[in-house]
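Take a look at the structure set out below.
The values are calculated or read from the model by the stated rules, or taken from the named source; none is laboratory data. The model shown is predicted, which means the values in this text are computed figures rather than measured ones. Here the Cβ positions follow ideal geometry from the backbone for every residue, glycine too, while neighbour counts run over all protein chains shown.
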Amino acid sequence: MKIVKLDEIGRVDVQQYFEDVVVVPTETVYGLAARIDNEKALKNIFKIKGRPSDNPLIVHISDLDMLGGLVDGDVPAEYSALMDRFWPGPLTLVFKRRESVSKTVVGKSSIDTVAVRMPKGEKIRNLIRRLGVPLAIPSANTSGKPSPTRVEHVIDDLGEKVALYIDDGPCEIGLESTVFGIIDGNYVILRPGSVTKESIESVVGKKVLVKSKAENSEKLVCPGQKYRHYSPEHPVYLFTGSAWYQDMLKCGQALGNAKIGILRRRGLEYPTVFYKEYDLGESLQDCAQNTFSGLRFLDKTCDAIFVVGFALEDEGLAIMDKLEKAASYIIN
Ligand code: TXA
Ligand code: MG
């Protein structure tokens, strides 16, 4: 395996490396990238991650002129407004797709849409520009594990299965992009992320629904919703009730000698039942950036992970989406 710094990518023969999959940094999380015209590499993504073949990949573009090759028909005015405001950045939009987009990218369920985003970093976009073709990039974790926000997390999960890792230090945002689409006339967030519901509503001027969990009766518009996500090896206890302090104390005592780790938000006082702490920081942005990293850190040395819930607004909505999916127990 080879690790190259993103700053040094100018000296690497990228065409040669993208004959197969490559680990790349983005502002949200690290991803496992393949050219969308390289079927062998695309299939390898599913194999290496252990990803179900019906879960589609997000296509990453460097410039707006790459959209034409992916999208069928006119771009809705609301999407144009969102692209003006949030691209390049952590917002993925679900478009009606061209017939020519690889079935491997859109998943075996053959949905008639394609999810596209333009990542924020100038250097990663330059890389895509040099390749001259969009990249399909899912998060670079083993399916079901917390997303990686540092290159070491990816190496822990994928090791020698990938030949080239591009390192750019810790991710700025730390949660995956917000996935948004207009589905049957409704404005829907299919996966909460750092672009908040409130900020999307302010741009489109309409009420936005959040549907990040699969509901059996409905047709699946976001296949990723039905799979288990973000789970460390050890159980996560999510405390959402107003009596969380007492609940934590009781649970801590009930777990006896277990080594309990806490994802600690600054400004809260916690009972002293903890073997190890991970500081999430104070602002919601800090907590978002550190959540996955903290889950992975505590999972290595603790038997159980405790965390207090966040209010379901602004970035708190996306953090709670990840924590609820990671949690074995929600205590409220
Ligand atoms: O921030 C991100 O989006 C990261 C970085 C690497 O860019 N990528 C990422 O990809 O999180 P992934 O594959 O881990 O998650 C993609 C999510 C899945 O839940 C998938 O089901 C959904 O997006 N998705 C992909 N294509 C879709 C489509 N056409 N319609 C609806 N949902 C789609
Ligand atoms: Mg993922």
Please verify whether residue 27 is surrounded by fewer than 19 Cβ atoms within 10 Å (Cβ to Cβ) and under 14 Å from the mean Cα position of the chain (by Cα), treating the condition exactly as stated. yes
Residues of the stretch 1-60 being of a type outside the set (A, V, I, L, M, F, W, C), more than 15 Å from residue 106 (Cα to Cα) and in contact with a strand residue (DSSP E or B) (Cβ under 7 Å, 6 or more places away or on another chain), in sequence order, are 2, 5, 17, 25, 30, 31, 49
Residue 46 fails exactly one of (1) assigned to a strand (DSSP E or B); (2) free of Cβ contacts under 8 Å to residues at least 60 places away in the same chain, namely (1)
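Is at least one residue of the stretch 94-102 assigned to a helix (DSSP H, G or I) and either modelled with pLDDT of 95 or more or more than 10 Å from ligand 1 (Cβ to nearest atom) (or both)?
Residues of the stretch 94-102 that are assigned to a helix (DSSP H, G or I), as a first pass: none.
The answer is no, given that none of the residues of the stretch 94-102 is assigned to a helix (DSSP H, G or I) and either modelled with pLDDT of 95 or more or more than 10 Å from ligand 1 (Cβ to nearest atom) (or both).
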Just to verify a result, which residue in the stretch 149-188, among those that are within 11 Å of ligand 1 (Cβ to nearest atom) and part of a strand (DSSP E or B), is farthest from residue 292 (Cα to Cα)? 183
Among the listed residues 133, 101, identify the single one that is over 20 Å from the mean Cα position of the chain (by Cα), over 16 Å from residue 22 (Cβ atoms) and among the β-branched types (Val, Ile, Thr). 101
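Just for the stretch 139-172: of the residues that are within 24 Å of residue 16 (Cβ to Cβ) and buried (at least 24 other Cβ atoms within 10 Å of the Cβ), which one is farthest from ligand 2 (Cβ to nearest atom)? Quick ask: steps written out before the conclusion?
Of all residues in the stretch 139-172, those within 24 Å of residue 16 (Cβ to Cβ) come to 140, 151, 154-155, 158-168.
Then keep just the ones that are buried (at least 24 other Cβ atoms within 10 Å of the Cβ); that gives 140, 154, 166.
Values: 140: 9, 154: 12, 166: 18 Å.
Filtering the stretch 139-172 for residues that are within 24 Å of residue 16 (Cβ to Cβ) and buried (at least 24 other Cβ atoms within 10 Å of the Cβ), the one farthest from ligand 2 (Cβ to nearest atom) comes out as 166.
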Could you check the stretch 107-138 and list, in sequence order, the residues that are within 16 Å of ligand 2 (Cβ to nearest atom) and either part of a loop (DSSP other than H, G, I, E, B) or at pLDDT below 95 (or both)? 107, 119, 137, 138
For the stretch 304-332: of the residues being touching an Asp or Glu at 6+ places or on another chain (Cβ under 9 Å) and under 17 Å from residue 254 (Cα atoms), which is modelled with the lowest pLDDT? 332
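Residues checked against (1) among the basic types (Lys, Arg); (2) free of Cβ contacts under 8 Å to residues at least 60 places away in the same chain:
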position: 135; (1), (2): no, no
position: 141; (1), (2): no, no
position: 147; (1), (2): no, no
position: 150; (1), (2): yes, no
position: 159; (1), (2): no, no
position: 167; (1), (2): no, no
position: 176; (1), (2): no, no
position: 189; (1), (2): no, yes
position: 192; (1), (2): no, no
Take the residues in the stretch 49-77 that are surrounded by fewer than 21 Cβ atoms within 10 Å (Cβ to Cβ) and in a helix (DSSP H, G or I); name whichever of them is farthest from ligand 2 (Cβ to nearest atom). 77
With the checklist (1) surrounded by fewer than 21 Cβ atoms within 10 Å (Cβ to Cβ); (2) at pLDDT 95 or above; (3) charged (D, E, K, R) in hand, flag the one item residue 296 doesn't pass. (1)
